[in-house]
Amino acid sequence: MPDALLSIEDLQVEFSTRDGLVRPLDGVTLEVGHGETLALLGESGSGKSVTAQAVMGLLPQPAGKIVGGRIRFDDQELTALPPQQVRALCGTRIGMIFQDPLSSLNPVFRVGDQVAEPLRRRLGLRRREANARALELLHRVGIPDVEHRMHHYPHQFSGGQRQRIMIAMALSLGPDLLIADEPTTALDVTVQAQIMNLLRDLQQERDMAILLITHDLGVVADVASRAVVLYAGRVAEQGRIRDVYDHSAHPYTEGLLASIPQQEEGGARLTPIAGAPPNPLAFPQGCRFHPRCPYAQERCRDELPELRRPVGWAPDQAASCHFTEEVLSRG
Amino acid sequence: MGAYLTRRLVFSVFILWGAVSIIFVVLRLIPSDPARLILGSDATEAEVEVLREQMGLNESLPSQYLSYLGDLTRLDFGDSYRQQRDAFELVLEKLPATLELAIVALVIALVVGILLGVLAALRVNRIADRIVSVASLLAQSLPSFWIGIVFILVFARGLHVLPSGGTGTPAHMVLPAITLAMPMLAILIRMTRSGLLEVIHEGYIQTARAKGLSERVVIFPHAIRNALIPIVTIVGLQFGGLLAGSVIVEMVFSWPGIGRLLIESIGQRDYNVVQASILVISAGFVFANLLVDVLYGYLDPRVRLVTR
């Protein structure tokens, strides 16, 4: 994709922990185009959130650092800038919302002030102007009775409203990209749908790209155009979301999709993926999925598969599996 | 809020009553006779007996107590045996000096304590953090009278840069105020450091960074406002320690405040003055804690008192 807004290339991140060095990201490559929604999928610990943190310069300090690869945003090389500058850039052109909207809002400041803060501190707007803009934003994300409510504190709002406030804050400087890290995980199912609809509407209105990080495959199907599936710090599969869902090119994706509870078959047993996600302190040799893969063969134990387009699959689709063509059907 | 304050004020009266009652009993448990101390060792037993009768010391303890409480309800604290003056007036006269010292010490402890605590937290496990942490441990462990004497030896006797005691100029304030501030300063450093280290991992700090705010703004005010919440409680409790500490510090530096008056009055068994001093010190402590509770609601909107 030549006109990618955000492009991550072979990104490697290391954390030094008490038990030794771990590498939660080991060669992640992905691109987000202008105005596109990309779903970044995977289990806990697959490296989804670390990817977002690496982009935003939010890796825990001093434990985490980028040890390889590149992150480009527009035509800026983020990996070449110090974290402080990355954040300054990100605050303006990349907005971010988080999983738990309660702990993500500062409990001791009024929500209106928190939304207005970037406008005042980053754009230098006067309080009145900034507040007027904050009011508009809060109104747009669907906070009722804004004139009154903007003077309230985070604990006085419901979970869904808090996430709306976070969205208003992230949008305050009109970013080109919104990174949403599990934005609906902490919310009720009905509220999840409202938030996802809001994100979709805002995206179309503002022609903004969204990097949507989630482990919930059901949530993203209607919103995202493309998906990248991470497993143990590497890209397992990527492609247009319909292709990935309908003709998975990686056994892990197949397992993930099979594990979604099916509403129609009430009472049916869930089909989980066998085993547990690998320990980042000791990723398996060869293909990292092989200990849990129903199709694993000798080669999978020895050789780390490259990301490639399997013969016969959709043009944009790629997976890192030696045996896609042999073990998965396209039908 | 109004109902809450009223309840707190009523409760405060009971606290003060308790403090006065304890000191009333304890004072009278100390051997030696105020009348004998006033008249000196030359006076005859008969003369002492006459004075005891005049002072009401020959009545039973419960009846002395009841009549003292009765006087208190009329805001009559009795006269000083020594100075033939209203005891409460005598204490109020000394109050400004003590308050001045306590407030300067409080400001020193707050400003230096919070700044050093922030410094230690930002440089956690680095050399600056180690130095600050060891220094605060020392400041907390060393007794005020010792610190005061060392200060006098070094800065007054040795370097001749500051007066060793008394009042008059701002320079007279420096040594006693720093000495008095020490224990609270030490606690504030440690509380600020640990509070900030806890808060820094919260989600809203990540949000503040993701908003592209500078690291300074992330700490002041985003992190510090939250870290300050438990610190305010400590300040309220420690203010009592500050008043208690002033008793010793005022003796060491000959500071003419309530503390020194209290010690002298105890030596002279000047019951009424001791009781009035204790009452004023307790009232200061109670008021400081009331103030903290109100401030607490201001700092943390989640516990803001609901107005019904």
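The values are calculated or read from the model by the stated rules, or taken from the named source; none is laboratory data. It should be emphasised that the depicted structure is a prediction, and the values quoted were computed from it without experimental measurement. Glycine also receives a Cβ, built like all others from the backbone with ideal geometry; neighbour counts cover every protein chain displayed. Surface areas here come from the heavy atoms of the whole protein model, side chains and all, with no ligands, DNA or RNA. Shrake-Rupley method; radii C 1.70, N 1.55, O 1.52, S 1.80 Å.
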Worksheet item: Under 15 Å from the 7 Å Cα→Cβ point of residue A:193, by amide nitrogen: which residues of segment A:208-243?
Response: A:218-223
Practice prompt. Give the interface area between chains B and A as buried accessible surface, both sides summed, probe 1.4 Å, in Å² to the nearest 100.
Written response: 2100
Fill in: residue A:155 - accessible surface, heavy atoms, 1.4 Å probe, Å² rounded to 10
70
Worksheet item: For residue A:269 and residue A:34 in the same chain, what is the full-extension length gain: residue separation times 0.36 nm, less their Cα-Cα distance, in nm?
Response: 80.5 nm
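Rounded if a/c is under 1.5, else prolate if a/b is larger than b/c, else oblate: which is chain A, with a ≥ b ≥ c the root eigenvalues of its Cα gyration tensor?
Numbers: a/c = 1.98, a/b = 1.59, b/c = 1.25.
Because a/c hits 1.5 or more and a/b exceeds b/c, chain A counts as prolate.
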Discussion item. Can you tell me what share of the DSSP beta bridges in chain A is antiparallel? A percent to the nearest 5 is fine.
Written reply: 60
Worksheet item: Using 1/(1 + (r/R0)^6) with R0 = 56 angstrom and r between the beta carbons of residue B:28 and residue B:111, what's the FRET efficiency to the nearest 0.05?
Response: 0.85
Item to complete: Compute, for residue A:152, the solvent-accessible surface of its heavy atoms (probe 1.4 Å) with the complete set of protein chains present, and express it in square angstrom to the nearest 10.
Response: 40
Discussion item. If I model a spin label as a point 7 Å beyond the Cα along the Cα-Cβ vector, how far apart are those points for residue A:185 and residue B:4 in nm?
Written reply: 3.6
Discussion item. At 7 Å along Cα-to-Cβ for each site, give me the label-to-label distance between residue A:9 and residue B:161 in nm.
Written reply: 6.0
Discussion item. Using 0.36 nm times the number of residues separating residue A:61 and residue A:129, minus their current alpha carbon distance, what extension gain do you get?
Written reply: 21.0 nm
Worksheet entry | Point-charge dipole on Cβ atoms (K/R +1, D/E -1) for the protein assembly as shown, about Cα centre, debye to 20 | 820
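What per residue convex hull volume, in Å³, do the alpha-carbon atoms of segment B:93-239 yield?
On the way: hull volume 19.4 nm³, N = 147.
Residue-normalised Cα hull volume stands at 132 Å³.
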Practice prompt. Return the Cα extents of the protein assembly as shown along principal axes one, two and three, sorted largest first, each rounded to a whole Å.
Written response: 122, 56, 51
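Averaged over peptide A:106-114, how many Cβ atoms belonging to another chain are found within 10 Å of each residue's Cβ? Walk me through the intermediate numbers first.
On the way: counts 12, 8, 12, 6, 1, 0, 0, 0, 5.
Taking the mean over all residues of the peptide, I get 5.
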Worksheet, complete the sentence: Partner shielding of A:145-155, as the mean number of partner chain Cβ atoms within 10 Å, equals 1
Worksheet item: If you line up the long axis of helix A:159-171 against the longest principal axis of chain A, both from Cα atoms, how many degrees apart are they, to the nearest 10?
Response: 80
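What size of dipole, in debye to the nearest 20, comes out for chain A about its Cα centre when the only charges are +1 on Lys and Arg C-beta atoms and -1 on Asp and Glu C-beta atoms? Mind showing how you got there, number by number?
Values: 34 positive and 41 negative charges, 229 e Å.
For this selection, approximately 1100 debye.
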Worksheet item: Once Lys and Arg get +1 and Asp and Glu get -1 on their Cβ, which of B:156, B:120, B:219 lies farthest toward the positive end of the dipole of chain B?
Response: B:219
Worksheet, complete the sentence: For segment A:42-166, whose charge dipole is built from +1 on Lys and Arg Cβ atoms and -1 on Asp and Glu Cβ atoms, the candidate among A:90, A:130, A:105 with its Cα farthest towards the positive end is A:130
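Given R₀ = 22 Å, FRET efficiency for residue B:126-residue A:19 by Cβ-Cβ distance, to 0.05? Can you show the working numbers first?
Numbers: r = 23 Å, r/R0 = 1.05.
It comes to 0.45.
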Fill in: segment B:1-108, relative contact order [Cα under 8 Å, separation at least 6], %
12
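Please give the calculated 222 nm ellipticity per residue for the protein assembly as shown, where each DSSP H segment of at least 4 residues contributes -39500 (n - 2.57) and the sum is spread over every residue; nearest 500 deg cm²/dmol?
Values: 25 runs with 336 residues, N = 639.
Roughly -17000 deg cm²/dmol at 222 nm, from the helical runs in the protein assembly as shown.
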Discussion item. Contact order normalised by length for segment B:152-274, with contacts defined as Cα pairs under 8 Å and 6 or more residues apart; what percent is it?
Written reply: 25
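Considering only DSSP beta bridges with both partners in segment A:122-278, what is the antiparallel share in %, to the nearest 5? All intermediate terms of the calculation are to be shown ahead of the outcome.
On the way: 6 of 11 bridges.
Close to 55 percent.
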Practice prompt. When a/c is below 1.5 the answer is rounded, else prolate if a/b is larger than b/c, else oblate, so apply that to segment B:255-308 with a ≥ b ≥ c taken from the square roots of the Cα gyration tensor eigenvalues.
Written response: prolate
Worksheet item: Amide H to amide H under 5 Å from residue A:179: which residues, 5+ apart in sequence or cross-chain, H placed 1.01 Å off N in plane?
Response: A:95, A:96, A:97, A:211
Worksheet entry | By accessible area with a 1.4 Å probe, ligands and nucleic acids excluded, highest first: order of A:219, B:107 | B:107, A:219
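Ignoring trypsin sites (Lys or Arg not before Pro) that are buried or in helix or strand per DSSP, and keeping those with at most 13 other beta carbon atoms within 10 Å, what is the longest stretch of chain A between them? The partial results should precede the final answer.
Working: sites that count: A:18, A:126, A:269.
After excluding every exposed loop site, the longest remaining stretch is A:127-268.
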Worksheet item: Using the alpha-carbon atoms, what tilt in degrees (0 to 90, nearest 10) does helix B:170-199 show relative to the longest principal axis of chain B?
Response: 50
Discussion item. Under the rule of at least 5 residues apart or a separate chain, name every residue whose amide H is placed under 5 Å from the amide H of residue B:86.
Written reply: B:80
Worksheet item: Between B:292, B:24, B:6, whose Cα lies farthest towards the positive end of the dipole of chain B when Lys and Arg beta carbons carry +1 and Asp and Glu beta carbons carry -1, centred on the Cα centre?
Response: B:292
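On the protein heavy atoms, probe 1.4 angstrom, tell me the percent of accessible surface of the protein assembly as shown carried by carbon and sulfur.
Details: 17590 of 30320 Å².
That share works out to 58 percent.
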Worksheet entry | Beta bridges by DSSP in the protein assembly as shown, antiparallel share as percent, to the nearest 5 | 60
Fill in: Euclidean distance between Cα centres, segment A:17-92 to segment A:291-331, Å
26
Worksheet item: Roughly what would the spin-label model give for residue B:244 and residue B:85, points 7 Å off Cα along C-beta, in nm?
Response: 3.0
Worksheet entry | Set of lysines near residue A:65 by C-alpha distance (under 20 Å), chain-local residues within fewer than 8 positions excluded | A:48
Fill in: Prolate/oblate/rounded call for chain B, Cα gyration tensor, a/c under 1.5 rounded
oblate
Item to complete: Please determine, in degrees from 0 to 90 and to the nearest 10, the orientation of helix A:189-206 with respect to the longest principal axis defined by the Cα atoms of chain A, where the helix direction is its Cα long axis.
Response: 80
Fill in: With all protein chains modelled, accessible area of residue B:146 [1.4 Å, Å²]
130
Worksheet, complete the sentence: Phi-derived 3J(HN,Hα) across segment A:74-91 with the Karplus relation (6.51, -1.76, 1.60, θ = phi - 60°), rounded Hz, x for Gly and Pro, is 6, 10, 9, 8, 5, 5, 8, 9, x, x, 4, 6, 4, 5, 4, 5, 5, x
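How big is the charge dipole of chain B about its Cα centre, in debye rounded to the nearest 20, if each Lys and Arg gets +1 on its Cβ and each Asp and Glu gets -1 on its Cβ? Each step should come with its number before you reach the end.
Values: 24 positive and 23 negative charges, 390 e Å.
Dipole of chain B, to the nearest 20 debye: 1880 debye.
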Discussion item. Given an 8 Å cut-off on Cα distances and at least 6 residues of separation, report the relative contact order of chain B as a percent.
Written reply: 26
